[in-house]
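J.: My structure is below; once you've seen it, I'll send some questions.
Every read-out reported here was derived from the displayed coordinates using simple, explicitly stated rules and does not represent laboratory data. Because the structure is predicted, anything quoted here is derived from the model rather than measured. Cβ placement follows ideal geometry from the backbone for every residue including glycine, while neighbour counts extend to all protein chains displayed.
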Amino acid sequence: MSAPNDITQDSGAPTSALLASQEPQTPFEYVGAALRRIRSGEIGALPIILGLVIIGIIFQSLNQNFLTPRNLVNITIQMAGYATIAYGMVFILLLGEIDLSVGYVSAVGGVMTAILLRDSLTNPALSWMDWWNVIPIALAITTAIGFLHGTLITTFQLPSFIVTLAGLLAWNGVVLMIVGDGGTVNIQNPVVRNLASEVLPPIWSWIVIFAFVALLTVMEFATASARRKAGLRPKPVQIILAQTVIMGVVGAFLAYLFNINRALGPTAPPQQGMPVIAVIMLVFLIVLTYLAERTRFGRYIYAVGGNKEAARRAGIRVERIRVLGFMVSGFMAGVGGIVLASRLKSVATDTGGGNLLLYVIAAAVIGGTSLFGGRGKVYSAILGALVVSSVENGMGLLNVSSGVKFVVTGLVLLAAVVIDAISRRSQQRSGLR
Amino acid sequence: MLLPDSASSARWEADDRRFFEGAFEAAGVEYTIVNAEGSAQTQLTQAEQAITNGAKVILMVNLDSASGAAIIELARANGVAIIDYDRLTIEGPGADFYVSFDNESVGRLQGEGLVAAVEAAGLEAPVNVAVLNGSPTDNNATLFKNGYESVITAQFDSGAWVRVADQSVPDWDNQQALVIFEQMLTDAAGDIDAAVAANDGLAGSVIAALQNQGLPFIPVTGQDATVGGIQNILAGRQSMTVYKAIKAEAEAAAALAVALLKGEDTASLVTGAVNKVSVTKDNIAETVIADGFRTWEEICVGEFAQYCP
Amino acid sequence: MSGIYNGKPLLETKSVSKRFGAVQALTTVDFDVYPGEVVALVGDNGAGKSTLIKGIAGIYGFDEGRVLFDGKEVHIHSPREAAQLGIEVVYQDLALADNLDVVANMFLGREWNQGIPTSNDAHTAPSGLRRLLRNLLPITEIDMEKRAVGTLNELAVTTLRSVRLPVASLSGGQRQSVAIAKAVLWNSRVVILDEPTAALGVAQTRQVLNLVRRLAEKQLAVVIISHNLHDIFEVADRITVLRLGHKVHTYMRSETDQQEVVHAITAGQLSTVPGMAS
């Protein structure tokens, strides 16, 4: 009756050893448990890392510029817009919802920023506007849009698919109206212009990455020692150290990479250091991961996506959590819109269109966030965006025709949902006794 | 009046609609203007409704040649005159009239503009040139390409120019164009001396990519005479844009429609291609400004004011 | 055993009635449960078991009658108020979030926060800044896990490999055990179990019934709804039979047998049903 999987086995006779056990886990046991989790469908980042290796090999063999420091930094910058919007999409997917409006909501954020900064130059009444108040205004607007979508969905019990589809059309219209018949609007404010192209002095690459690795390591050790004190099994020290070494090596490699002069041609000024945009992605990664995994709010997001009824019976205000989820999505779409506008240093009537929505959903799903709710991590946005951008970047390098681009992008998306479905199935298999 | 969509270009809703409204109001005729929002099926339904409502003349921007032909047959069967506007319906019996810019000559202007700009910049052979085409699914993008290729192919053949990259931009998407051009730069190790960009949006992507890399500006073409494009021309970041006098095109088509409606002689109206002009730094005032298509107020904002007269 | 009944019942309903439109779902039902005992609530479909339970749990109020908790009359208007009194219901469909681990499920909706005094009075709703802080401050996972492990161990739920596994990977019996342990976690005094052994295999049913007995041993008042008389005779101290919204009788398990109870469920002791005696 029961599968030969030892997690799920009920041995009739209670053997009290396991839960009460206070012996520290050996590294071997820890790895064993991790492998078991993978087999039961919690595959985590595994397929992506594999996919990235394959992408790297394929494109590098076709064009030797792909794995150059310069191009790897290019990918980092090119993925920023997708990653920031996809962070918000992760929260939506965790809730078991979908937000089809993020492309044009991001455009509202970018276009509002560009238009308000332009008007601050022409309209004396608006001369008080500058980047530091225009950006919050734009983000407040996109957050309010998320609030509107969420409120409509929860108040009238509408499917989010339909409401945000309506949003997709309506906000596209709003973008067209705000941009007006000028066609394109240049952004002149130096801070917003340079947001996506500014780099930190080289020493900061080391400082930022060291701080990141140190923070994670200190937290791991603190948790382990607190667990030991509480009589719970801590994560083995050897595993924490191994993690730190791996992160340290990867981090050092990244810092080294960022600090190689990647200027194009002898005439260009030297270019080295970590892009500011990478730091922004990292900060959002930390803040949003904290929100999702360490707070009640994040816990409730998972709970609502896992079992709405259970969440309701536990006293969680389900509708409020859903509205808040859409507000996170609106906020992050706004951030992404500003990043994209900064990349292009202008906005136009086509802002927010094209493949943006598709790439954002693909990024979240490729990264391992389930379309079916309740399963996923914030970091999946950044990993997925890395995959999407690598493919886009590589094909740009290869000079391939648009037909090939469409086919390849389609295949990558397909691969993502197939992986999602497979991991879901194996989880169900191991879940249902 | 059947418009195609509001995504492929801002002009249909932003420009054509107001110019047609103005012309029809002035002529005192009854009219409706509808937009099919990208759906050929919707456009066919809209044509049927227009005929049911007693339309005598239909102006159509088709979504594709086949669906356009179906609408022409429908109009003909009901004795309604039909005018192809901006896009030619190649298939089927053909419309009664066709009013448009000549898109190939738009492309030729871009080609000529780039040749002149490269010369003016004093670039020495071999000049590395990248080409950013419009959307692969837009027939007009193909026509533009035919146009500029007819001019610049000779440069490549003579060895004066070298084609370092040539890619289409899906949906004319500026963000994708930015990535594509960044990758062109990467592949060419930054050594791109000039670029064909099929419109101002794509030109903006080229400019942003160069700025992001700290590279100097290069000769680059454009189209549509957008505010951003003209600002870039003034600041010396973009070489030229093609100003298609949409107003003139719309008014010519409207005049033709009114004449058909009133049963007047149309022969005098058929005069050939409508204006389109290559706009460079030197003739902004005489073209887009003089036409009322753009104003100095919307262009001369902030840092760009210093370049204005 | 008889010592249990010397004190006051912990929870008591006095001639409660409930009507849904034209349907009289419950008619003047007296029901009680003492600390340290398991009372089974049995009856055919539509007998009024769920109506009685939902009334006690605060899903809706009774039309008539009184509810006494610890000898004092109480008015329970919501599940939250029921939980504040210490009344917990484990529903048939478990109400666990499959994607969350055991600890997260046991604490769902009442997570402990760092820096904010923890209280078992979990369902009080603080307002304003306090609520914002509670939602944004870190959850104290370690304390929660320790408490969860402690509770599971107390109840001798020992077949779990780890309390950090998602509930989806547990067997039906383990899930039921987690759901019951969740109800016990909050210093609850009355635990109501709705069909806890439905859809379980033999070994798992045994596991859950053992758990139910242990709840009573911990001086909790336990109410169990079940269709399975075999299970009930194994675990219950008293058996209350409902039929067509009326209470038929409450039997001591030691003084009755399955045949009598089956008869009461299907035919009722007609003499006890007003107007039905012929």
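J.: Starting from the Cα of C:Ile59, step 7 Å along the direction of its Cβ; do the same at A:Val237; then give the gap between the two resulting points in nm.
T.: 5.4 nm
J.: Could you give me D for segment A:301-399, from Stokes-Einstein at 10 °C and 1.306 mPa s, where the hydrodynamic radius is the Kirkwood radius over C-alpha pairs? Units µm² s⁻¹, please. Kindly include the intermediate steps, with their values, before the conclusion.
T.: On the way: Rh = 15.5 Å.
D, rounded to a whole number, is 102 µm²/s.
J.: Another one. Pull out the extension gain between A:Ser426 and A:Phe221, defined as 0.36 nm times the separation in residues minus the alpha carbon to alpha carbon distance; nm, one decimal.
T.: Numbers: separation 205, 0.36 × 205 = 73.80 nm, distance 3.27 nm.
Between A:Ser426 and A:Phe221, full extension yields 70.5 nm more.
J.: With respect to the cross-link table entries A:Lys308/C:Lys72; C:Lys8/C:Lys49; C:Lys18/C:Lys72; C:Lys18/C:Lys182; A:Lys235/C:Lys146; A:Lys345/B:Lys276, which display a Cα-Cα separation exceeding 25 Å?
T.: A:Lys308/C:Lys72; C:Lys18/C:Lys182; A:Lys345/B:Lys276
J.: Still on this structure, please answer the following. Taking chain B as a Gaussian network, Cα atoms linked when under 10 Å apart, which of B:Ala117, B:Ala130, B:Ala189 shows the biggest mean-square fluctuation?
T.: Result: B:Ala189 has the largest fluctuation of those listed.
J.: Given 0.36 nm per residue, what is the gain on full extension from A:Met177 to A:Ala45 after removing their alpha carbon distance, in nm?
T.: Residue separation times 0.36 nm, minus the Cα-Cα distance, leaves 43.4 nm.
J.: Here's a follow-up. Around A:Gly167, what is the net charge, scoring Lys/Arg as +1 and Asp/Glu as -1 over all other residues with Cβ under 13 Å from its Cβ?
T.: Net local charge, A:Gly167 excluded: -2.
J.: Looking at chain B, what % of its DSSP beta bridges pair antiparallel, to the nearest 5?
T.: Within chain B, antiparallel bridges account for around 20 percent of the total.
J.: How high is the relative contact order of chain B, given as a whole-number percent (alpha carbon pairs under 8 Å, six or more residues apart)? Walk me through the intermediate numbers first.
T.: Numbers: 566 pairs, mean separation 49.1, N = 309.
Normalised by residue count, the contact order of chain B is 16 percent.
J.: Oh, and also: Please report, in debye to the nearest 20, how large the charge dipole of chain B is about its Cα centre when each Lys and Arg carries +1 at its beta carbon and each Asp and Glu carries -1 there.
T.: Dipole about the Cα centre, nearest 20: 220 debye.
J.: Counting other beta carbons within 10 Å of each Cβ, put B:Cys300, B:Cys308 in order, fewest first.
T.: Details: B:Cys300 19, B:Cys308 14.
With the sparsest Cβ surroundings first, the list reads B:Cys308, B:Cys300.
J.: Kyte-Doolittle cut-off -0.5, length cut-off 20 Å along the helix's own axis using Cα: show which whole DSSP H helices in chain A pass.
T.: A:46-62, A:80-94, A:102-122, A:131-155, A:160-179, A:202-229, A:237-259, A:276-294, A:318-344, A:379-398, A:402-431
J.: Calculate the FRET efficiency for B:Ser65 and A:Ala170 from the Cβ-Cβ distance with a Förster distance of 25 Å, rounded to the nearest 0.05.
T.: That pair, B:Ser65 with A:Ala170, gives E of 0.20.
J.: Given C-alpha coordinates of chain C, what is the ratio Rg to Rh with the Kirkwood estimate of Rh?
T.: Dividing the radius of gyration by the Kirkwood radius yields 0.99.
J.: Tally Lys/Arg at +1 and Asp/Glu at -1 over every other residue whose Cβ is under 10 Å from the Cβ of B:Asp64; what's the total?
T.: Values: positive: B:Arg87; negative: B:Glu91.
Here the count lands on 0.
J.: Follow-up. How large is the Kirkwood hydrodynamic radius of segment B:65-158, in angstrom, based on all distinct alpha carbon pairs?
T.: Averaging 1/r across every pair of different Cα atoms and inverting gives 15.6 Å.
J.: Can you give the FRET efficiency to the nearest 0.05 for A:Met247 and A:Ser401, using r as the Cβ-Cβ distance and R₀ = 41 Å?
T.: Working: r = 40 Å, r/R0 = 0.98.
Once rounded, the FRET efficiency stands at 0.55.
J.: A further question on this structure: Compare the peptides A:271-277, A:325-331, C:61-67 by average per-residue count of other Cβ atoms within 10 angstrom and give them in order, highest first.
T.: A:325-331, A:271-277, C:61-67
J.: Per-residue mean of other chain beta-carbon atoms within 10 angstrom of the beta-carbon, peptide C:170-180? Intermediate values should be presented prior to the final figure.
T.: Numbers: counts 5, 10, 4, 3, 5, 2, 0, 1, 0, 1, 0.
Shielding by partners across C:170-180 averages 3.
J.: Continuing with this model, one more query. So how do B:85-91, A:203-209 stack up, highest first, on mean other-Cβ count within 10 Å?
T.: The most tightly packed comes first, giving B:85-91, A:203-209.
J.: Same structure again: Over all distinct Cα pairs, what is the inverse of the mean 1/r for the protein assembly as shown, reported as the Kirkwood hydrodynamic radius in Å? If you can, show how the numbers build up before the last one.
T.: Numbers: mean 1/r = 0.0303 Å⁻¹.
Final number for the Kirkwood radius of the protein assembly as shown is 33.0 Å.
J.: Points 7 angstrom from Cα along the Cβ direction at B:Ala27 and C:Lys72: gap in nanometres?
T.: Result for the modelled spin labels: 8.8 nm.
J.: For chain B, take the alpha-carbon Rg, divide it by the Kirkwood Rh, and send me Rg/Rh. Can you show the working numbers first?
T.: On the way: Rg = 20.7 Å, Rh = 20.5 Å.
With Rg and the Kirkwood Rh in hand, the quotient comes to 1.01.
J.: Other chains' Cβ within 10 Å of A:115-124 residues: what's the mean?
T.: 2
J.: Also: What is the Rg over Rh value, at two decimals, for segment C:1-88, using alpha-carbon atoms and the Kirkwood definition of Rh?
T.: 0.97
J.: Using Cα pairs closer than 8 Å and at least 6 residues apart in sequence, work out the relative contact order for segment B:163-218, in percent.
T.: Dividing the mean separation by the residue count of segment B:163-218 yields 36 percent.
J.: If only Cα atoms are counted, what is the Rg of segment B:5-92, and what is its Dmax, in Å?
T.: In Å, with Rg to one decimal and Dmax whole: 12.6, 34.
J.: With a ≥ b ≥ c the root eigenvalues of the C-alpha gyration tensor of segment A:63-206, is it rounded (a/c under 1.5), prolate (a/b larger than b/c) or oblate?
T.: Cα axes put segment A:63-206 in the oblate bin.
J.: Oh, and also: Take every DSSP beta bridge with both residues inside chain C and express the antiparallel ones as a percent of the total, to the nearest 5.
T.: Working: 23 of 40 bridges.
Bridges in chain C that DSSP calls antiparallel: roughly 60 percent.
J.: Using just the C-alpha positions of chain A as equal point scatterers, what log10 of I(q)/I(0) does the Debye formula give at each q in 0.13 1/Å?
T.: With no solvent term, the Cα-only Debye profile gives -1.29.
J.: Then there is this: Need one number: % antiparallel among DSSP beta bridges in the protein assembly as shown, to the nearest 5.
T.: Numbers: 32 of 71 bridges.
The answer is about 45 percent antiparallel.
J.: Tell me which GluC sites (Glu not before Pro) from segment B:123-222 have a DSSP coil assignment and no more than 16 other beta carbons within 10 Å of their own.
T.: B:Glu124
J.: With only alpha-carbon pairs counted, each pair once and no self-pairs, how large is the Kirkwood hydrodynamic radius of segment C:173-229 in angstroms? Display every interim value, and only then the final one.
T.: Numbers: mean 1/r = 0.0877 Å⁻¹.
The Cα-based Kirkwood calculation yields 11.4 Å.
J.: Right, something else. Regarding segment B:73-116, what are the three Cα extents along the principal axes, ordered largest first, in Å?
T.: 51, 15, 9
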